[in-house]
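All of the numbers you see were taken from the coordinates with simple rules; none came from a lab. Predicted model only: the values in this text are computed from it and were never measured. Every residue, glycine among them, receives a Cβ derived from its backbone with ideal geometry; neighbour counts consider all protein chains shown.
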Amino acid sequence: MSDQEDTFDLNSLENEELIEQVHDDLYNGLREEVVLATNIFLSRGWAADKVLNDALVEGMRIVGVDFRDGILFVPEVLLAANAMKAGMEILRPLLAETGVEPIGKVVIGTVKGDIHDIGKNLVSMMLEGAGFEVINIGINNPVENYLAALEEHKPDILGMSALLTTTMPYMKVVIDTLKQQGLRDKYIVLVGGAPLNEEFARAVGADAYCRDAAVAVETAKSMIAQRRAARDAAAAAAH
Ligand code: B1M
């Protein structure tokens with residue numbers, strides 16, 4: 001089928017059909033089709049976060065279920081991930097369109113041994129959209145990378161992501177190293193990733209667990225506000 005016919009086909013679908021089609025296209029790793037559908041939704045006036053959640057995130061959830069059940073394998077999931085990333089790239093500038101001064105700075109990365117980055121990138125994009133300056137240090141980060149980024153960028157928040165039960169304990173290595181170096185209290189530490197929960201976050205010494213990108217944004221905002229209020233109160237008391 002030619003590109004023109006593809007374009008015509010996708011454009012002719014009603015929204016509900018197009019949503020199902022983009023889930024199928026994501027499942028099949030069809031990057032160009034996912035890009036096309038993302039643009040069609042935007043041209044129909046859909047908000048970027050609705051396209052993200054209803055089309056891309058839901059499509060990837062379906063992929064995850066079949067990956068878990070042994071129906072899809074790594075090569076297929078990689079193609080799906082690439083298609084998802086291509087869609088996310090279109091949405092990125094729209095989600096980041098705030099035009100306001102940064103409300104805080106975040107260093108975020110996936111921990112050592114873990115190469116999953118879709119969720120982390122989504123969190124980065126949503127934080128940027130909410131007005132944060134985000135330094136995304138990528139995947140497979142040993143503690144040295146986190147320390148170097150904290151030293152260089154002096155953020156308010158350190159965010160860590162892990163998608164594997166085997167890599168999530170590495171968050172404790174990073175937090176313990178911060179404690180040993182007397183740096184822990186300088187940063188708000190937020191953690192996230194599908195296998196984590198609040199209990200785990202508490203156990204490793206993080207400040208909070210973020211279930212998803214929206215929660216990450218809300219938590220980042222409220223914790224920065226709390227910290228600034230506490231500093232202001234301490235400064236006022238010292239006068
Ligand atoms: Co992987 N994988 N994978 N994988 N993979 C999972 C995680 C798995 C649950 C699949 C399954 O079995 N159902 C399973 C882990 C099982 C376990 O640990 N118990 C698994 C496995 C086993 C593996 C391999 C070991 C497979 C193998 O090689 N045999 C291998 C490991 C490689 C490695 O890391 N060393 C592997 C490889 C891969 C691919 C490379 C093929 C690909 C990654 C591509 C990429 O990321 N660039 C991949 C994918 C895509 C997945 C699934 C299908 C989807 C993950 C995803 O992108 N979700 C995943 C199944 C699943 O999670 N259902 C799976 C969409 C994303 C939007 O959600 O990442 O949860 P999520 O992020 C959310 C929240 O968690 C939260 O906000 C995000 C947005 O709302 N969040 C944060 C995440 N990080 C945060 C950080 C924060 C805050 C919130 O900081 C403040």
- Query: Using a basic spin-label model with each label point 7 Å from the Cα along Cα→Cβ, how many nm lie between Ile103 and Ser12?
  - Reply: 4.6 nm
- In whole Hz, with x marking every Gly and Pro, tabulate ³J(HN,Hα) for segment 112-119 from phi via Karplus 6.51 cos²θ - 1.76 cosθ + 1.60, θ = phi - 60°. 3, x, 10, 10, 6, 9, 5, x
- Task: Normalising by the residue count of the chain, find the relative contact order in percent from Cα pairs under 8 Å and 6+ residues apart.
- Result: 15 percent
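Taking a 29 Å limit on the Cα-Cα distance, which of the listed pairs Lys50/Lys120; Lys112/Lys186; Lys50/Lys221; Lys105/Lys179; Lys85/Lys186; Lys112/Lys221 fall beyond it? Display every interim value, and only then the final one.
Numbers: Lys50/Lys120 18 Å; Lys112/Lys186 22 Å; Lys50/Lys221 22 Å; Lys105/Lys179 21 Å; Lys85/Lys186 33 Å; Lys112/Lys221 27 Å.
Going by Cα-Cα distance, Lys85/Lys186 fall outside the 29 Å limit.
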- Task: Give the long-range amide H neighbours of Asn141: residues separated by 5 or more places, or on another chain, with amide H under 5 Å away, using H modelled in the peptide plane at 1.01 Å from N.
- Result: Thr110, Val111, Lys112, Gly113, Asp114
- Query: Which value, in debye to the nearest 20, gives the size of the charge dipole of segment 1-136 about its Cα centre, when Lys and Arg are +1 and Asp and Glu are -1 at the Cβ?
  - Reply: 780 debye
- Per-pair calculated FRET efficiency, R0 = 25 Å: Ala236 and Glu152 via Cβ, rounded to 0.05: 0.20
- Query: Convex hull over the alpha-carbon atoms of the chain: what's its volume per residue in Å³?
  - Reply: 141 Å³
- Using only Cα atoms, locate the centre of segment 160-181 and the centre of segment 58-113, then give the distance between them in Å, rounded to an integer. 21 Å
- Message: As an exercise, use a Förster radius of 30 Å and the Cβ-Cβ distance of Arg44 and Ile115 to find the FRET efficiency, rounded to the nearest 0.05.
- Response: 0.30
